[in-house]
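To start, the structure under review is shown below, and the notes come after it.
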Amino acid sequence: MLMVAEPVLGEEEKAALSRVLESGWITMGDRVREFELEFARQHGATDSVALGSCTAALHLILEALGIGPGDEVLVPSLTFVATANCVLYVGAKPVFVDIESLSLPLMSRSDAATKCTDRTKALILVHYAGYTIDREAWRHFASSRGLLLVEDAAHAAGASQAGTFGDAAAFSFYGNKNMTTAEGGAVLAKDADVLAKIRQMRGHGLTTGTFQRRSSRISTYDVTMLGYNYRMDELRAAIGLVQLGHLSAWNERRRHFVQLYARRLKSLCPAVLSPFSDWHSVSNNASAHHIMPIVLPEGVERQHVVDKLRDSGIQTTIHYPPVHLLSLYREQFPSVRLAHTEEFARRELTLPLHPRMEDIHVEQVVSALADALGQSASVEAAACERV
């Protein structure tokens, strides 16, 4: 089965894990600190905070920025549910914003402007599929309205602009991301005090951690703020350090496959819309090319296409069911309607994209897709005739 995403793990990671086990120290320590500094360096920053997940990163960013009850936060609905969940964690209200269009499935500035009220305090910009687009426009949007700007950069590790848009950015190292620590996340922040607060909050709000006390004469600690158990351990940091060493090359390989997909889709599946097509031919690294989303033609039965590709040994998936239509949020926000988001989600299909692929895999996927679309069209025509 050709998977949608597949981590690249091997002897380097095994050796790194063995060194951690041999060291006798497996909780947060020197390797976590080394990982934080290296991750920051690769993103043009001086420091970062490593955490147990990107969800933890978003949660602590909102806490550290002072967002809470009575505040509203603009969020896209085309995202993983954690983006909105973290707004609820701090007692604020998520306000769902539509995407620009089917070809540009990023949060719409025009729709965001209509959703702003005197309670709007922040916006969370999701770099969907890894594309970091319109940085200056979003900076102006936020600054002109006095809003905090948070990046959900779960898809964007290694992208050139990721972490440089606004006040803070959250990254993911989950198993299907461009680099992985199995579970894990990180924060970049413009303000060193915000980063320091997040660093303390991740470990129960303690003024000193276990490793610090082990390595010094300090034998006690204080708690000066409400904290959480959101730490990263040495095992994950060790894997992350190895993965960071390959991130740039892996992202370049992803870019190559995206460009190949774009050419082959245009040739064999011209009715299929490829979002971000204006950026597919760009040779810089403004995108991490995390996933390969396509929009199926109107009238095509998506499940039929999924089944036919599955029969050909090709996994597909959907990014994402709109958050505002999930049961939890539909019950809380029953009047939300986002036309572009709903249409995109109804027709979107994510194709395989990861560094373990070869060119022949792209050819196989597009060929199987073309075949499935032809058969799907026949199914639709037969259904119409029966009616």
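Observations on the model:
- Any chance Gln375 is modelled with pLDDT under 95 and more than 23 Å from Asn85 (Cα to Cα): yes
- Residue within segment 285-305 that is of a type in the set (D, E, K, R) and closer than 30 Å to His43 by Cα present: no
- The single condition among (1) outside the structural domain of Val187 (by TED's automatic domain parsing); (2) at pLDDT 95 or above; (3) of a type in the set (A, V, I, L, M) that Leu226 does not meet is (1).
- Any hit, segment 115-137, residues being among the aromatic types (Phe, Trp, Tyr), modelled with pLDDT of 95 or more and either assigned to a helix (DSSP H, G or I) or touching a Lys or Arg at 6+ places or on another chain (Cβ under 6 Å) (or both): yes
- Close pairs (7 angstrom Cβ cut-off, 6 or more residues apart or separate chains): assigned by TED's automatic domain parsing to the domain that holds Leu351 and within 12 Å of Asp359 (Cα to Cα) in segment 246-261, surrounded by 16 or more Cβ atoms within 10 Å (Cβ to Cβ) and modelled with pLDDT under 95 anywhere: Val258/His280; Gln259/His280
- Comparison of Leu326, Leu353 shows that the only residue that is modelled with pLDDT of 95 or more and buried (at least 17 other Cβ atoms within 10 Å of the Cβ) is Leu353.
- Boolean, Glu63 is at pLDDT 95 or above, touching a Ser or Thr at 6+ places or on another chain (Cβ under 8 Å), surrounded by 20 or more Cβ atoms within 10 Å (Cβ to Cβ) and among the charged types (D, E, K, R): no
- Here segment 7-20 is the region considered, the condition is being touching a residue at least 12 places away in the same chain (Cβ under 8 Å) and in a helix (DSSP H, G or I), and the residue that is nearest to Lys177 (Cα to Cα) is Glu13.
- Of the residues making up segment 110-147, those that are in contact (Cβ under 8 Å) with a residue 24 or more places away in the chain and polar (S, T, N, Q) are Thr117, Thr120, Thr132.
- Verdict on Ser219 being within 30 Å of Ala113 (Cα to Cα), out of contact with any Gly (no Cβ under 6 Å at 6 or more places or on another chain), of a type in the set (Ser, Thr, Tyr) and without any contact (Cβ under 8 Å) to a residue 60 or more places away in the chain: no
- Here is the figure for segment 103-114: residues that are among the aliphatic types (A, V, I, L, M) and in a loop (DSSP other than H, G, I, E, B) total 2.
- Screening Ser53 with (1) surrounded by fewer than 22 Cβ atoms within 10 Å (Cβ to Cβ); (2) more than 23 Å from Ala157 (Cβ to Cβ); (3) touching a residue at least 60 places away in the same chain (Cβ under 8 Å) gives one miss only, at (2).
- So Asp98, is it more than 18 Å from Asp167 (Cα to Cα) and crowded, with 24+ Cβ neighbours inside 10 Å: yes
- Subset of segment 146-157 [surrounded by fewer than 24 Cβ atoms within 10 Å (Cβ to Cβ) and either assigned to a loop (DSSP other than H, G, I, E, B) or among the β-branched types (Val, Ile, Thr) (or both)]: Gly146, Leu147
- When His289, His246 are checked against the criterion of being assigned to a helix (DSSP H, G or I), within 30 Å of Arg199 (Cα to Cα) and not aliphatic (A, V, I, L, M), a single residue qualifies: His246.
- Selection of segment 331-345 for residues being under 23 Å from the mean Cα position of the chain (by Cα) and surrounded by 14 or more Cβ atoms within 10 Å (Cβ to Cβ) yields Leu338, His340, Thr341, Glu342, Glu343, Phe344, Ala345.
- The condition (being over 30 Å from Ser248 (Cβ atoms) and touching a helix residue (DSSP H, G or I) at 6+ places or on another chain (Cβ under 9 Å)) is satisfied by just one residue among Val126, Val87: Val87.
- Of Arg236, Arg254, all but one fail to be touching a Ser or Thr at 6+ places or on another chain (Cβ under 6 Å), assigned to a helix (DSSP H, G or I) and of a type in the set (D, E, K, R); the exception is Arg236.
The values are calculated or read from the model by the stated rules, or taken from the named source; none is laboratory data. Keep in mind that what you see is a predicted model, and the values were worked out from it rather than measured. Please note: Cβ atoms are built from the backbone with ideal geometry, for glycine as well, and neighbour counts cover all protein chains shown.
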